[in-house]
Amino acid sequence: MTWTVPDASVKERKEPEPLSVSEAIIVIKESIATIPLLTVVGEVSGFRGPNARSGHCYFDLKDASASMAAIVWKGIYLASGVKLRDGMKVQVTGRYDVYKGSGKLSFVATSLTVAGEGDLRQKVAELAKKLEREGLMDEDHKRSIPRFCTRIGVVTSLSGSVIEDVKRTLARRNPLVEIEVTGTAVQGEHAPATIVRALGVAASTNPDAILLVRGGGSFEDLMCFNDESVARAVAASPVPVISGIGHEPDVTIVDIVSDRRTSTPTAAAESVAPSISELQMAFNDRVSRLAGAMEAILSEYAQVTDGASRRADLAVQNNLRQWRIRFEALAERKCLSDPMYLFVSRRTDLLQTEQRLHDALPLALERKKQTLGHASERLQTAGTKLLVPYEGQLGVMAGKLEALSPLKVLGRGYALAVDSCGHVLKRSRDVQAGQTIEVRLAEGSLAARVTEVAE
């Protein structure tokens with residue numbers, strides 16, 4: 001690469017002027033500031049860091065024939081996820097700078113990766129596109145995670161601090177959460193197969209969610225989480241999977257296909273175990289909202305009640321007004337305002353009616369008397385005419401009845417015996433000895449007692 005120095009202060013001077021050391025350093029800084037970003041591949045040597053106080057890293061970047069001082073600031077180093085060590089081949093992008101205090105030229109990194117990482121990233125990107133086309137990264141494919149989990153499966157290495165951090169976090173935030181830990185390798189050639197197997201074992205315990213977690217590491221260290229078999233196992237898991245890979249700048253394929261991605265194992269544990277204070281806040285919020293809703297309902301009912309009360313008052317007032325109008329109308333009537341007037345008026349009417357009746361009654365009686373006289377004469381004449389044909393028949397029938405009359409027989413010396421009920425005695429068995437009977441004669445009757453009954 002070739003470059004030029006535009007600053008005239010470093011060009012050859014016709015009449016050189018002496019500079020102080022500070023001025024010379026300033027000239028050099030201004031000159032190298034024009035150099036564009038450089039990407040350098042070399043081997044780490046003399047690594048010192050991270051510094052206990054600042055967290056910065058210092059080392060030499062060398063190849064077979066040259067060496068230069070390099071600096072990686074704390075933020076860049078942590079973001080890279082690379083753990084530098086002597087002999088590691090790295091790719092550093094940055095620019096040169098001069099330290100004013102010593103005049104030392106150093107290469108200050110703006111990014112840091114392990115050499116050869118580019119090929120791996122390309123493979124990961126191709127796999128990501130493949131899985132994306134299949135829909136494994138779609139939001140619709142992700143499963144919902146219960147807000148309050150009571151049983152958690154954890155898939156991670158059984159060695160190291162990660163599992164203890166997860167247990168400690170869950171116990172601190174919600175001691176009631178039950179934890180099922182399934183051990184697996186989280187780095188190396190055999191890690192993908194063990195992770196897939198561990199996910200199956202964890203799902204078989206029927207937890208509410210599975211935490212797939214590990215601590216931070218370099219891009220190469222995390223390659224098992226970019227493995228296709230692991231990604232498909234996460235996507236196909238019957239239980240929601242939450243990833244908590246301890247790195248920030250790089251996102252693994254597992255992070256994308258998982259149902260929830262968190263930045264660290266601790267964050268993963270916190271996401272499924274709301275703290276007691278959060279639960280209290282949520283409860284208080286629900287109570288507050290419930291109280292607000294009840295207050296709104298009561299306010300609405302109060303408005304309805306007030307409206308009904310006002311309508312009732314208006315109705316009562318209207319009724320009272322109508323009754324007042326009626327009473328006033330009645331009060332204006334003569335019969336109520338002057339009762340004696342009505343009495344006198346009615347008395348006059350009655351007297352007049354009495355006089356008319358008194359005058360009309362003799363005439364009416366005379367007319368009715370005449371009418372009855374005429375009707376009596378007509379009835380008498382008609383009755384006589386009607387009775388004439390039947391008088392002869394009646395005489396004949398009377399003679400026949402008289403001939404058949406028991407009284408006629410009695411006149412010839414016979415008697416008629418009847419019991420106390422007036423029934424004619426026809427047979428001796430109709431009476432009993434000692435019974436009182438009546439004996440009817442042609443003239444008068446006798447009371448007799450039966451002394452003997454003969455058949």
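The values are calculated or read from the model by the stated rules, or taken from the named source; none is laboratory data. Worth saying up front: this structure is predicted, and the values here are computed from it rather than measured. Ideal geometry is used to build each Cβ from the backbone, glycine not excepted, and the neighbour counts take in all protein chains shown.
Key figures for this structure:
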quantity: Condition broken by G87, with the remaining ones in (1) assigned to a loop (DSSP other than H, G, I, E, B); (2) within 60 Å of the chain's Cα centre (by Cα) satisfied; calculated: (2)
quantity: The stretch 223-264, residues that are touching a Lys or Arg at 6+ places or on another chain (Cβ under 7 Å) and hydroxyl-bearing (S, T, Y); calculated: S243
quantity: The stretch 26-83, subset assigned to a loop (DSSP other than H, G, I, E, B) and of a type in the set (A, V, I, L, M), residue surrounded by the most Cβ atoms within 10 Å (Cβ to Cβ); calculated: V82
quantity: Single residue of the stretch 126-156 satisfying the filter (in contact with a helix residue (DSSP H, G or I) (Cβ under 7 Å, 6 or more places away or on another chain) and among the small types (G, A, S)) that is farthest from G246 (Cα to Cα); calculated: G135
quantity: Residue match in the stretch 188-197 (condition: farther than 18 Å from D255 by Cα, in the same structural domain as E126 (by TED's automatic domain parsing) and touching a helix residue (DSSP H, G or I) at 6+ places or on another chain (Cβ under 6 Å)); calculated: no
quantity: Total residues in the stretch 100-155, condition exposed (fewer than 13 other Cβ atoms within 10 Å of the Cβ), acidic (D, E) and over 41 Å from the mean Cα position of the chain (by Cα); calculated: 2
quantity: Within the stretch 182-219, tally of residues that are in contact with a strand residue (DSSP E or B) (Cβ under 7 Å, 6 or more places away or on another chain), closer than 14 Å to T156 by Cα and charged (D, E, K, R); calculated: 1
quantity: Test: L120 is within 16 Å of L222 (Cβ to Cβ) and touching a residue at least 24 places away in the same chain (Cβ under 8 Å); calculated: yes
quantity: Lone qualifier among F343, F283, F327 - being among the aromatic types (F, W, Y), surrounded by 10 or more Cβ atoms within 10 Å (Cβ to Cβ) and under 30 Å from R147 (Cα atoms); calculated: F283
quantity: Selection status of V181, outside the structural domain of R85 (by TED's automatic domain parsing) and over 18 Å from T264 (Cβ atoms); calculated: no
quantity: Qualifying residue in the stretch 220-241 (condition: under 13 Å from G153 (Cα atoms) and either in contact (Cβ under 8 Å) with a residue 60 or more places away in the chain or assigned by TED's automatic domain parsing to the domain that holds M88 (or both)); calculated: yes
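Table: residues versus (1) in contact with a Pro (Cβ under 6 Å, 6 or more places away or on another chain); (2) closer than 30 Å to D63 by Cβ; (3) in a strand (DSSP E or B); (4) not assigned by TED's automatic domain parsing to the domain that holds Q187.
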{"position": "Q91", "(1), (2), (3), (4)": "no, yes, yes, yes"}
{"position": "G94", "(1), (2), (3), (4)": "no, yes, yes, yes"}
{"position": "K100", "(1), (2), (3), (4)": "no, yes, no, yes"}
{"position": "S106", "(1), (2), (3), (4)": "no, yes, yes, yes"}
{"position": "G160", "(1), (2), (3), (4)": "no, no, no, no"}
{"position": "I163", "(1), (2), (3), (4)": "no, no, no, no"}
